[in-house]
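Here's the structure we're looking at; comments come further down.
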Amino acid sequence: MSIPSQYDAKLVEDKWYEYWMKHNYFHSVPDARTPYTIVIPPPNVTGVLHMGHMLNNTIQDVLIRRARLKGFNACWVPGTDHASIATEAKVVAKLRDEGIEKADISREAFLEHAWEWTHKHGGIILEQLKKLGASCDWKRTKFTMDEDLSESVNATFIDLFEKGLIYRGYRMVNWDPEAQTTLSDEEVVHIERTDKLYYVRYQIEGEDAFVTIATTRPETILGDTAVCVNPNDDRFKNLKGKRVIVPVCNRIVPIIFDDYVDMEFGTGCLKITPAHDANDKEIGEKHDLEIIDILNDDGTLNKYGLHYEGQDREEARDAIAEELEELGFLVKTEDYFHKVGTSERTKAIIEPKLSVQWFLKMKDLAKPALDHVIDDTIRFHPSKFKNSYRNWMENVRDWNISRQLFWGHRIPAYFYGDGVNDFVVAKTADEALEKAREITKDPALKLSNLSQDPDVLDTWFSSWLWPISVFDGIRHPDNDDINYYYPTDDLVTAPEIMFFWVARMIIAGYEYRKEPPFRNVYYTGIVRDKQGRKMSKSLGNSPDPLELIETYGADGVRVGMLMCSPAGNDLPFDVSLCGQGKSFANKIWNAFRLIQGWTVEQKEQPEYAKISLEWYQNRFNKTLDNIEDHFEKFRISDALMETYKLIWNDFCSWLLEMIKPAYGEGIDQQSYNSVITILEDNLKILHPFMPFLTEEIWQYIKKRSPEEALIISAWPEVVEIDVNIIKEFEFASEVISGIRTIRKQKNIAYKDGIDVFILNKENRSTSFDSVIQKLGNIDKLEYTQTKVESALTFRVGSNEYFIPVQGNLDVEAEIKKLTEELEYTEGFLRSVQKKLSNDRFVNNAPEQVVSSERKKEADALAKIETIKASLNNLQ
């Protein structure tokens, strides 16, 4: 076959992805083989590919392709998440652009728009993953709102409710006024910022005296129902039984006493607003205080906001501060640096809000999920994340699972009366009616008398079931797929969703399968730019992944991403790494073309080729052993670098030069067959990282059937390694480098043969002499017992190598040059030794600094000895 002179990634990638899809290589069904299973962290259904997806899915594809080569029945389940808050926000924005407000249409109409949006945008990110080379089992693609997954979610809710683990309660929750829904604690991101701290005085009723409080939120003064001081604070003992007048609204509220107040913090007086602060709510319940909520769901002030009704909370804050100053109640303001909770999705400032919500009791459910991570039944990579996992699980709080949205799994609770507990939980409305009739003893109750809870479940309440529900293990817990593929093997995800998702999947796994959902969790880092900033659209520092693929090829981008991606550590991404990946692809392509360009002749195998091939086979096995160890420890980046160095350095730069036939000559058949076998093994271990390039070369080597494709070939097995031959070549390569250095320094052309004499003090093996002779273009290679006069020299270990000058060199000029170099090196040595003779430096400098200076000393001494030996030989 004619091989193109250049590798064209665009043509190759589309061709082979289509070929793999056509021949069903990605699809898996249960069989006699051992399964290897990964479930994709489902991206948002309306999302597009970003750099984090690129990293995460490249790692997953590396793992799944390697497992396929190792003979496992590899199954990588793809899918998308309905992403309640994010998707609903996009649909609301779309409707608003069309002049439609969500509040003006019915739930059913809104859901029609949401499904239309999902069908239009939902498959984009999965199609983009194909461009990356992701070898997912696309026939198994799932969506968290699929009918079977939705049934699984409802069944889980009903089961947990019937177990007494789900309850409905009036609690202080995290309210997102932009999305107008509650959030779990894990969906709140605390940011540091500077706000104004307002010192406000409240008049004591019936007196011309005041107490002063400090607040960052003067608008909530309108919801105050008490002022609290510590009973042990002598400053305020005279206030017992007294009341104060809340400024602006002139509400008279009691002064209460509670140990909760820190006497050393602020003024020692605390305003109590039970509707807008979790701690205030606890104090309010303890002292039976009135609860006054001053905010609407969208963050504007309601009727309790008086003349500020309808204003946004932040606008009202400034306006009330002005009024307090005008009224003489504002004592002072100062800057206050603190943490503020924000919505992970909308970035809005979170509002504490009292609301009736659905909760899942977590304490008992969390115990097995904690125990089995701590005992390494489930292994975290890197293991440092076990500490934060333990901390969260030991302090886990009940999970607020209800959201005030339309898009999502609607809570299967049906109300039949006005009471807080007048509801039933059921799979269908008909089933709910039967339960309601039984409870109320009213057979005349109709479906029209029931109303389903308008809230939907937290998105994570569906995705926590993902490793089970994608195999239909909730609805049919004994089906073939769940029994075969579960537990899955490896999960690749980001540490920032450890609590959102990983912990909850482990909880669900032990609750519903009594087994872990996966055996290993590989945590990727955050992709950052060269300045250390997280890559994001808002900063404009994130390249378009598809443009990178267009420019550098999918293989180049995959290699570039993984070159700087240690597990759990942030990835300092530089586009030049993709260029390095592309260069690597070109290097391999040109190496293949070189081999294919050789003429094969029927002749005896030269000694240099025999020993070179034997060396590389052992070097390959040593590297393969290291690669296996890296994969076992989830050091994916290290596995790539081992492969990269083996192919670039050992194969391309050394082996091919060692066995390459002389100009105008052919290669012997035995050596050619061996190098093709070696190339094929190289392609096998490189395939997980660079699937397109490797399949292209594999198919060019010879005509192959679909059953012989590289993607389903066999991963090489590690065989016994001869470490001696590897060590001997390391020594020989230094000798070759020494000869090349002298040729370069002395301008001795490679075409000019030279003689080399060896003083073999180390009694080294002569196995690689034929290779040294070939690569050094040496006419005569001999061993000697004495030093050779009038020769250039260099050392490797204790061995000395002599190259007689024979008119190739201006001896006088060389002696002058060496003398100058000797003087400079001796001067450098004196400066280093002076530093090392200073006890103060040696005793006080960091150990690595002292070690560095000692190495400089040793290197200088060795260099001086070599220069002096060269001078002696020339004089």
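The values are calculated or read from the model by the stated rules, or taken from the named source; none is laboratory data. In this text the structure is predicted, and so the values were computed from the model without any measurement. Note that we place each Cβ from the backbone using ideal geometry, even for glycine, and neighbour counts take in every protein chain shown. Remember, those area values only see protein heavy atoms, side chains included, never the ligands or the DNA or RNA. Shrake-Rupley method; radii C 1.70, N 1.55, O 1.52, S 1.80 Å.
Using amide H atoms built in the peptide plane, which far-off residues or other-chain residues are under 5 Å from Leu295 H to H?
Asn302
Tell me, what are the semi-axes, in whole angstrom and largest first, of the equivalent ellipsoid of the range 736-805 as set by the roots of 5 times the Cα gyration tensor eigenvalues?
Working: eigenvalues 64, 39, 23 Å².
Taking √(5λ) for each eigenvalue gives 18, 14, 11 Å, largest first.
For a test of the definition: using alpha carbon positions, the gyration tensor, and the 1.5 limit on a/c, classify the range 431-508 as rounded, prolate or oblate. Working shown, then result.
Details: a/c = 4.36, a/b = 2.02, b/c = 2.16.
Taking the square roots of the gyration eigenvalues as a ≥ b ≥ c, the range 431-508 is oblate.
If I compute percent of Cα pairs over 56 Å apart from the structure I just sent, which labelled value in [x] 24; [y] 33; [z] 28 lines up?
The value computed from this structure is option [y].
Give the separation of the Cα centroids, the range 238-260 to the range 435-491, in Å.
Cα centroid of the range 238-260 versus Cα centroid of the range 435-491: 50 Å apart.
Apply the a/c threshold of 1.5 to the C-alpha gyration tensor of the range 123-190 and tell me whether it is rounded, prolate or oblate.
Note, shape of the range 123-190 comes out oblate.
What number, in nm² with one decimal, is the all-direction average of the projected area of the convex hull of the alpha-carbon atoms of the range 545-646? Spell out each step's value before the answer.
On the way: hull surface 33.7 nm².
Computing the convex hull of the Cα atoms and averaging its projections yields 8.4 nm².
Give me the 1.4 Å probe accessible area per residue for the range 767-853, excluding ligands and nucleic acids, in Å². Write out the running numbers ahead of the final one.
Values: 5090 Å² over 87 residues.
The answer is 58 Å² per residue.
Any idea how far apart Asn838 and Thr428 come out in nm if each label point goes 7 Å out from Cα toward Cβ?
Taking the two extended label points, one gets 8.9 nm.
Would you tally the net charge around Asn569, using a Cβ to Cβ cut-off of less than 11 Å, leaving Asn569 out, and scoring K and R as +1, D and E as -1? Before the final figure, lay out each step's value.
Numbers: positive: Lys384, Arg528; negative: Asp570.
Computed value for this residue: +1.
Could you work out the relative contact order of the range 552-614? I mean the mean sequence separation of Cα pairs under 8 Å and 6+ apart, divided by the number of residues, in percent.
33
Taking 0.36 nm per residue of separation and subtracting the Cα-Cα distance, what length does fully extending Glu147 through Thr267 add? Before the final figure, lay out the partial values.
Numbers: separation 120, 0.36 × 120 = 43.20 nm, distance 5.77 nm.
Residue separation times 0.36 nm, minus the Cα-Cα distance, leaves 37.4 nm.
What's the carbon and sulfur percent of the chain's accessible surface, probe 1.4 angstrom, rounded to a whole number?
Details: 18820 of 39870 Å².
Carbon and sulfur together cover 47 percent of it.
Give me the one-decimal nm value for the distance between modelled label points at Tyr304 and Tyr170, 7 Å along each residue's Cα-to-Cβ direction.
1.3
Quick check: residue separation of Ser536 and Ala845 times 0.36 nm, minus the Cα distance between them. What number comes out in nm? Each step should come with its number before you reach the end.
Working: separation 309, 0.36 × 309 = 111.24 nm, distance 4.23 nm.
Full extension from Ser536 to Ala845 adds 107.0 nm.
Quick check: residue separation of Phe210 and Lys139 times 0.36 nm, minus the Cα distance between them. What number comes out in nm? It would help to have the intermediate numbers written out before the result.
Details: separation 71, 0.36 × 71 = 25.56 nm, distance 7.24 nm.
Extending this stretch completely gives an extra 18.3 nm.
For the pair Lys855 and Lys727, what calculated FRET efficiency results from E = 1/(1 + (r/R0)^6), where r is the Cβ-Cβ distance and R0 = 30 Å, to the nearest 0.05? Please list the in-between numbers first.
Details: r = 23 Å, r/R0 = 0.76.
Computed FRET efficiency for Lys727 and Lys855: 0.85.
Relative contact order for the chain: what percent, with Cα pairs under 8 Å and sequence separation of 6 or more? Can you show the working numbers first?
Values: 1447 pairs, mean separation 107.8, N = 875.
Answer for the chain is 12 percent.
Between the range 631-702 and the range 1-40, what is the separation of their alpha carbon centroids in Å?
Answer, in whole Å: 20.
Computed over the Cα atoms, what is the radius of gyration of the range 422-562 divided by 2.2 N^0.38 Å, N being its residue count? The partial results should precede the final answer.
On the way: Rg = 23.1 Å, N = 141, 2.2 N^0.38 = 14.4 Å.
Rounded to two decimals, the normalised Rg is 1.60.
Take the alpha carbon gyration tensor of the range 511-600, find the square roots of its eigenvalues, order them as a ≥ b ≥ c, and report rounded if a/c is under 1.5; if not, report prolate when a/b exceeds b/c, else oblate.
Values: a/c = 2.93, a/b = 1.42, b/c = 2.06.
Oblate, because a/c is 1.5 or more while a/b does not exceed b/c.
Taking R0 as 25 Å, what's the FRET efficiency between Val719 and Arg593 from their Cβ-Cβ distance, rounded to 0.05? Can you show the working numbers first?
Values: r = 29 Å, r/R0 = 1.17.
E between Val719 and Arg593, to the nearest 0.05, is 0.30.
Take every Cα pair under 8 Å in the range 362-465 that's 6+ residues apart, average their separations, divide by the length, and report that relative contact order as a whole percent.
Numbers: 114 pairs, mean separation 30.0, N = 104.
Contact order relative to length: 29 percent.
What FRET efficiency would be calculated for the residue pair Glu826, Asn763, taking the C-beta separation as r and a Förster radius of 35 Å, to the nearest 0.05? Provide the component values of the computation, followed by the final result.
Details: r = 32 Å, r/R0 = 0.91.
Computed FRET efficiency for Glu826 and Asn763: 0.65.
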